[in-house]
1. Taking B:ILE64 as the residue in question, decide whether it is touching an Asp or Glu at 6+ places or on another chain (Cβ under 9 Å), in contact (Cβ under 8 Å) with a residue 40 or more places away in the chain and not basic (Lys, Arg).
2. Has region B:112-131 got any residue that is modelled with pLDDT under 90 and open to solvent by 10 Å² or more (accessible area, probe 1.4 Å)?
3. Given the criteria closer than 19 Å to A:MET155 by Cβ, open to solvent by 40 Å² or more (accessible area, probe 1.4 Å) and more than 17 Å from the chain's Cα centre (by Cα), does A:GLU98 qualify?
4. How many of the residues in region B:78-133 are of a type in the set (S, T, N, Q) and within 10 Å of another protein chain (Cβ to nearest Cβ)?
5. In region B:38-71, what count of residues is obtained for those that are over 22 Å from the mean Cα position of the chain (by Cα) and either modelled with pLDDT of 95 or more or loosely packed, with under 13 Cβ neighbours inside 10 Å (or both)?
6. Kindly indicate which of A:LEU169, A:LEU226 is within 16 Å of ligand 2 (Cβ to nearest atom), over 25 Å from A:LYS11 (Cβ atoms), in contact (Cβ under 8 Å) with a residue 24 or more places away in the chain and of a type in the set (A, V, I, L, M).
7. I need the full set of residues from region B:135-145 which are more than 9 Å from chain A (Cβ to nearest Cβ) and crowded, with 22+ Cβ neighbours inside 10 Å, in order please.
8. Just to be sure I understand, how many residues within region A:54-77 are away from chain B (no Cβ under 14 Å), open to solvent by 50 Å² or more (accessible area, probe 1.4 Å) and within 16 Å of ligand 1 (Cβ to nearest atom)?
Amino acid sequence: MEVLACKGLRKVYGDLEVLKGIDFSINKGETKVIIGPSGSGKSTFLRIMGLLEPPTEGKVFFEGKDVYGENLNLNMIRAKIGFVFQDPSLFRHLTALENVKLGLKVVLKMSDEEATKKAMETLKLVRMDEWADYYPAQLSGGQQQRVGIARALAMDPDIILFDEPTASLDIELTWEVIDVMKDLARRGITMLVVTHEIGFAKEVADEIVLMDSGRIVESGPPEQMLKSPKTERAREFLGRLLGGV
Amino acid sequence: MYFILEYSQFIIEGFYVTVTMTLVGLAGGVVLGVLSALGDVYGGKLLKIIINSYVEFFRGSPLIVQLLIFYYSIPAITGVKWDALTAGSLTLMLNSGAYQKGYFKGAIEAVFKDQLIAAKSLGMTFPQTLRHVVLPQALRIVIPPWTNEYVSLGLSTSALIVIGIRELTNVAVSISAQTFRPLEVYLFIGLIYFVWITLSLKVLDWVYNKVKIPGLAVSEVM
Ligand SMILES: Nc1ncnc2c1ncn2[C@@H]1O[C@H](COP(=O)(O)OP(=O)(O)OP(=O)(O)O)[C@@H](O)[C@H]1O
Ligand SMILES: [Mg+2]
């Protein structure tokens, strides 16, 4: 079943055409990884798929419904699409537990008791239950990022989008976050991930998508993409990324 | 010095008026300040122009002149009669609101944009985001600058003398005129202001430390 898709997606900022016509779709249970050079439009693409901003042209579909075409409640759809940012973006005045609870209470209208139970379970999944009462400023970057993942995950979304969640972490912290993400992929959570952690892509991705200058240049299963990419652009970019050739 | 005690009844009444007017002005100022700040950050063009004209007028003219306008000029133009306490309270609220708007705006803008986007991604509406993300942080961040406003407004209430309100300074002037002992009278009244403001500062400091959150302070966001 198709969870999230788009057709003919274009995005223009001023005179700058950042996305130049993208067709894409991801099914329930799949994990797809987006790679591509800096400035190629990966974050912009993800923000539009997460309904954080509208496209200039083209359509976004959530579970088959044309998101901007029909008169839908965008907030109800956003609640079903989790988002994990490069900077953890936690609410600074709330503890880890309260960060996870806020959406459950305010958006999903859970009682305080239900929300606490759900939030604690989710924090446990990302191995942050022991830090439940700490404020963001008291946690390391990797710990904050895992709280960010829990915040998205606790909403029981149909898909979670990740925008380079480990880009601002050092190697050791990157691993603890990547481990949690691999866990989620294996549990069958649908994930669309912008990352250059090729190990993650190799192990759990169903597909690697290469973006360049606002277009999808090539996509395919990891074995094929990493070993025998079809386009010259993909060979060149992956060659540099894998540090060989 | 003991002669002053004979006037303690007047002094207590004057002090009561001073404190009440300060608190009324501050409370009204908080409401006006928060609303103007929200309007200036999130509102449309026309609203911004209105808010900023209001702020500039009250920050760009002397409080005494504002009091005279509210007590004499406005009733003369509009025909609406109000007493000195009403005119004084209104002026203090509007004056303080104009200053507080600046502090609240700074605090609201200090609530990082990334948190607003995170709230949006959870499906929170704008009013929900204001209530649960922006205001709880902005109200904490604003306490230190707000403390300055409290001191400044509290001391400025002595300007109310120009419209005849019987606040502490006005009382002092009367006592001095009756006793011909300005030296002692004004020193004593000055001491009352000093003790009052110092104690208030201690209380506000305590409140700030009570609600402060690690990683969330003016020094860290501004
Ligand atoms: N809100 C915006 N206004 C104007 N230009 C923007 C905006 N957001 C992105 N851009 C521009 O769009 C282009 C693509 O940016 P985007 O962040 O999507 O790239 P990216 O592939 O995520 O890059 P990186 O790997 O560095 O994160 C860049 O040239 C960027 O400057
Ligand atoms: Mg990016």
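1. Judged against the criteria, B:ILE64 is not a match.
2. Yes, that holds for at least one residue.
3. Yes.
4. Final tally of qualifying residues: 5.
5. 5
6. Just a single option satisfies the conditions, and that option is A:LEU169.
7. B:ALA138, B:ILE141, B:VAL142
8. The total comes to 2.
The values are calculated or read from the model by the stated rules, or taken from the named source; none is laboratory data. Since we're looking at a predicted model, the values are computed, not measured. Backbone-built Cβ (ideal geometry, glycine too); neighbour counts: all protein chains shown. Side chains are part of the model used for accessible areas, which takes the heavy atoms of the whole protein and leaves out ligands, DNA and RNA. Shrake-Rupley method; radii C 1.70, N 1.55, O 1.52, S 1.80 Å.
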